[in-house]
1. With +1 on each Lys and Arg Cβ and -1 on each Asp and Glu Cβ, and nothing else charged, work out how big the dipole of the chain is about its Cα centre, in Debye to the nearest 20.
2. Mind listing which chymotrypsin sites (Phe, Trp or Tyr not before Pro) in segment 162-224 are in a DSSP loop and have 10 or fewer other Cβ atoms within 10 Å?
3. Sequence gap at least 6, Cα distance under 8 Å: using those rules, report the relative contact order of the chain to the nearest whole percent.
4. Give the carbon-plus-sulfur fraction of the accessible surface of the chain in %, rounded to a whole number; probe 1.4 Å, heavy atoms of protein chains only.
5. Let me understand the chain better: what is its radius of gyration from the alpha carbons, and its Dmax, in angstrom?
6. Lys/Arg Cβ at +1, Asp/Glu Cβ at -1, dipole of the chain taken about the Cα centre: which of His38, Thr153, Ile51 is farthest positive-ward?
7. How much accessible area per residue does the chain have, in Å², with a 1.4 Å probe?
8. Please give me the summed charge of the neighbours of Glu66: other residues whose Cβ is under 13 Å from its Cβ, Lys and Arg +1, Asp and Glu -1.
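The values are calculated or read from the model by the stated rules, or taken from the named source; none is laboratory data. Keep in mind it's a predicted model, so treat the numbers as computed, not measured. All Cβ positions, even for glycine, are placed from backbone atoms using ideal geometry, and neighbour counts span all protein chains on display. Ligands, DNA and RNA are excluded from the accessible area calculation, which covers all protein heavy atoms including side chains. Shrake-Rupley method; radii C 1.70, N 1.55, O 1.52, S 1.80 Å.
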Amino acid sequence: MTCSPTKKKKLCRFNCCSVSNTPSALMNRIPDPAVPTHVAIIMDGNGRWAIGRGLGRIFGHRKGVEAVRRTVDAARESGVRYLTLFAFSSENWRRPADEVNGIMELIASFIERELDNYHRQNMRFQMIGERHGLGPKVLAALTRAEAQTRDNTGLHVVVAINYGARGELASAMRVLARKVAEGALDPDAIDETMVGEHLDTFGIPDPDLVIRTSGEQRLSNFMLWQAAYAELVFIPCNWPDFDRDMFFEALGEYARRNRRFGAVSSPQAALTDF
Ligand code: IPE
Ligand code: IPE
Ligand code: MG
């Protein structure tokens, strides 16, 4: 009998760990609880993707739309229940007007083009973020998508547009403060659940997994409250290059994490973990 030569370990797409299975095979062995209920993605790196190819930034945003389509398909396939896509932050208004207008146009036309198809697939759309300040075209597209898919029970896609977590929290505090000032609320009754109920994400479970592309390792004002115990996966590729395999690799990485929420993971771990 001859020994087969030692195989070089295959690294995952992020070059951070070894993998022995293809992403699809990997999914087959992930037990159900290891599939996150809610995956949120900070879709970053469109500008760098374009600049690296000698193109204007808007080409990166255009290419990024294809990655959105791939990711929605992958999320449906994976069994994830909620997919949040961070598309435009409350700070992104600081960009040149033509880039901002281009992004808004892309969001509106993507929704218009895909809505009927996604509705047939039983998907639900919801926007989080500040509606005030958005142009009429993108607002109309979002409002129609929300209304048309309101009763759907499949993948719930949350699009964060003109969203900033600090603004969201400040707005919740304003509402609560007003209720207290009117005598309708006892300040001692304000707890974490009540705060959560006053955020844009009311009714949506906290993200289990936050993915950020482009190699940046920060939250950039994204879901600061909701991501308190999210697992973070940073992917060193720009958003337009993100694909199905990377999505499943991120789910595999999530499945290997040990979430403790401040407790200990098992009686055995209680004896050995520090
Ligand atoms: C993310 O890509 C898209 C938005 C923020 C709208 P960027 O446009 O931030 O791309 P980089 O980070 O400049 O490469
Ligand atoms: C975060 O990316 C916002 C979105 C992906 C929509 P940014 O590109 O705006 O974040 P910073 O400026 O690098 O922190
Ligand atoms: Mg960026």
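1. I would put it at about 1080 debye.
2. Details: sites: Tyr163, Phe202, Phe222; in loops: Phe202, Phe222.
When the chymotrypsin sites (Phe, Trp or Tyr not before Pro) of segment 162-224 are filtered for loop state and at most 10 Cβ neighbours within 10 Å, Phe202 remain.
3. Working: 392 pairs, mean separation 73.8, N = 274.
About 27 percent, as a whole number.
4. Values: 7680 of 14760 Å².
Here it works out to 52 percent.
5. So, for the chain, Rg and Dmax equal 20.6, 84 Å respectively.
6. After comparing all options, I get Ile51.
7. 54 Å²
8. Values: positive: Arg62, Lys63, Arg69, Arg70, Arg113, Arg244; negative: Asp73, Glu114, Asp241, Asp243.
Neighbourhood net charge equals +2.
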